[in-house]
Amino acid sequence: VAIAGDTLVTIDLGAALDGYVSDCTRTFATGVPPARLTEAYAVCHEAQARAVAAVRPGISGNELDAVARDHIAAAGFGEFFRHGLGHGVGMEVHESPGARPESNDILAVGMTITIEPGIYIPELGGCRIEDLCVVTESGCDIVTGFTKDLITVGF
């Protein structure tokens, strides 16, 4: 399958080491995407930054999800964010705690959680930006180190 030019391509990957796993998603441009996709990426990027900044001990999964979801909805993309904000990662890629509208899980120091808002517009394309975060006393440490700036790749 060929990848089209002038669109967004989302890549989700991870690694395993000593029985533990990781999870990271980034979106790349293959040329100049339609303005609506470029706008969606900017909104997703800001929602992800706001949610990462909100990670702290004591916040519930639904409160954390709402930080990103409310920003995306206010920008007019709410119907296109169709999954939870994040999930725990450890020995499995998907563990507790959950960060989604129905989650009452409470974050605690030492938990590892993804922050991965996404916007997916039917017939056009979409994006997701995911970081792996470890909850600390004062917020979180981001384990993923790859840029979140929209990179254009050639093919």
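So the values come out like this:
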item: Any hit, the stretch 140-155, residues being over 13 Å from the mean Cα position of the chain (by Cα), in contact (Cβ under 8 Å) with a residue 40 or more places away in the chain and either open to solvent by less than 10 Å² (accessible area, probe 1.4 Å) or on the phi > 0 side of the Ramachandran plot (or both); result: no
item: Filtered residues of the stretch 25-38 (kept if open to solvent by 20 Å² or more (accessible area, probe 1.4 Å) and under 23 Å from GLY86 (Cβ atoms)); result: PHE28
item: ALA99 vs. criteria under 12 Å from the mean Cα position of the chain (by Cα) and without any contact (Cβ under 8 Å) to a residue 60 or more places away in the chain; result: yes
item: The lone exception for ILE11 - which of (1) touching a residue at least 24 places away in the same chain (Cβ under 8 Å); (2) part of a strand (DSSP E or B); (3) of a type outside the set (S, T, N, Q) it fails; result: (1)
item: Failed condition for GLU137, given (1) out of contact with any strand residue (DSSP E or B) (no Cβ under 8 Å at 6 or more places or on another chain); (2) free of Cβ contacts under 8 Å to residues at least 12 places away in the same chain; result: (2)
item: Any hit, the stretch 40-57, residues being of a type outside the set (Asp, Glu), closer than 20 Å to ARG100 by Cβ, open to solvent by less than 20 Å² (accessible area, probe 1.4 Å) and part of a loop (DSSP other than H, G, I, E, B); result: yes
item: Selection within the stretch 1-30 - closer than 12 Å to GLY125 by Cβ, under 17 Å from the mean Cα position of the chain (by Cα) and β-branched (Val, Ile, Thr); result: VAL9, THR10, THR27
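Listed here are the residues, each with its yes/no results for (1) without any contact (Cβ under 8 Å) to a residue 60 or more places away in the chain; (2) assigned to a helix (DSSP H, G or I); (3) touching a strand residue (DSSP E or B) at 6+ places or on another chain (Cβ under 6 Å); (4) surrounded by 12 or more Cβ atoms within 10 Å (Cβ to Cβ).
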position	(1), (2), (3), (4)
VAL67	yes, yes, no, yes
ILE113	yes, no, yes, yes
TYR120	yes, no, yes, yes
GLY126	no, no, yes, yes
ASP131	no, no, yes, yes
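Residues are listed down the side, and each one gets a yes or a no for (1) more than 18 Å from THR147 (Cα to Cα); (2) in contact (Cβ under 8 Å) with a residue 40 or more places away in the chain:
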| position | (1), (2) |
| --- | --- |
| GLY5 | yes, yes |
| PHE28 | no, yes |
| ILE72 | yes, yes |
| ARG82 | yes, no |
| GLY90 | yes, yes |
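The values are calculated or read from the model by the stated rules, or taken from the named source; none is laboratory data. Since the structure is predicted, the reported quantities are computational estimates derived from the model, not experimental observations. Glycine gets a Cβ as well: all are built from the backbone with ideal geometry, and neighbour counts include every protein chain shown. Side chains included, ligands, DNA and RNA excluded: accessible areas come from the protein's heavy atoms. Shrake-Rupley method; radii C 1.70, N 1.55, O 1.52, S 1.80 Å.
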